[in-house]
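Readers should treat all values here as calculations from the given coordinates under stated rules, not as data from a laboratory. Just so you know, these numbers come straight off a predicted model, no measurement behind them. Note that we place each Cβ from the backbone using ideal geometry, even for glycine, and neighbour counts take in every protein chain shown.
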Amino acid sequence: MDVRVTGGTKFQKEVAHKLIYWTVKQLGLSRMSSLDVHIILKKLRGVDGECSMEDEEKRTFTIEANKTLGLRQLIMTLIHEMVHVKQFARNEMDDFPINGRQRWKSGTVPESINYDDMPWEKEATRLQEKLTDEFWREDQI
């Protein structure tokens with residue numbers, strides 16, 4: 001697995017690098033040695049973070065996170081986006097709507113559902129809080 005972190009401060013880069021490897025283990029992605037994750041810490045407008053799949057094999061990802069966030073929020077954002085990496089890499093979801101529906105696990109979800117109510121967002125939100133608390137408690141920083 002390859003993790004690259006660019007942008008942000010030296011401390012943010014160190015935390016992000018350590019966090020991504022920790023999160024990979026927590027999400028059960030350790031056996032996916034072909035994963036390539038590039039973290040870009042930069043100023044973003046209107047969002048805390050974004051995850052993009054860069055190849056059809058679902059093994060190369062770019063995560064952009066807002067470097068102006070406080071430390072705990074930055075950690076939470078990176079975990080949230082890593083949950084999306086898991087969802088793509090395990091083929092749990094497809095990001096491209098077909099006939100107004102998006103695939104989630106073995107079913108489909110209408111595009112008309114509120115974004116925050118999409119099942120992949122609910123999972124990412126639930127896990128971001130749980131895993132941020134665990135990371136913090138384990139004094140990983």
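Rounded to the nearest 20, the size of the Cβ-charge dipole of the chain about its Cα centre is 340 debye, with Lys and Arg at +1 and Asp and Glu at -1. Solvent-free Debye calculation, one equal scatterer per alpha-carbon of segment 81-141: log10 I(q)/I(0) at 0.27 Å⁻¹ equals -1.14.
Projecting the Cα positions of Met118, Cys51, Val3 onto the charge dipole of the chain (unit charges on Cβ atoms of Lys, Arg, Asp and Glu, taken about the Cα centre) puts Val3 furthest along the positive direction. Here the sum of -39500 (n - 2.57) over DSSP H runs of 4 or more residues, divided by the residues of the chain, equals -13000 deg cm²/dmol at 222 nm, to the nearest 500. Annotation note: GluC sites (Glu not before Pro) in segment 4-83 located in DSSP loop regions with a Cβ neighbour count of at most 13 within 10 Å are Glu54, Glu56, Glu57. For segment 60-141, the list of trypsin sites (Lys or Arg not before Pro) that fall in a loop by DSSP and count at most 14 other C-beta atoms within 10 angstrom reads Arg90, Lys105. If both residues of a DSSP beta bridge must be in the chain, then about 45% of such bridges are antiparallel. Rounded, prolate or oblate for segment 25-121? Axes are the square roots of the Cα gyration tensor eigenvalues, ordered a ≥ b ≥ c, and the cut-off for rounded is a/c under 1.5. Oblate, because a/c is 1.5 or more while a/b does not exceed b/c. The mean sequence separation of alpha-carbon pairs under 8 Å and at least six residues apart, normalised by the residue count of segment 2-136, gives a relative contact order of 20 percent. By other beta-carbon atoms within 10 Å, ranking Thr23, Thr77 with the fewest at the front produces Thr77, Thr23. Sorted largest first, the spans of the alpha carbon positions of segment 1-71 along the three principal axes are 32, 24, 17 Å.
Amide H contacts under 5 Å for Gly7: Leu41, restricted to partners 5 or more places along the chain or on a different chain, H placed in the peptide plane at 1.01 Å from N. The amide H of Gln102, built 1.01 Å from its N in the peptide plane, has Val109, Glu111 as neighbours under 5 Å, considering only residues 5 or more places off or on other chains.
Would you kindly give the portion of the calculated P(r) for segment 34-88 that falls above 17 Å, as a percent of all Cα pairs? Percent of Cα pairs beyond 17 Å in segment 34-88: 31.
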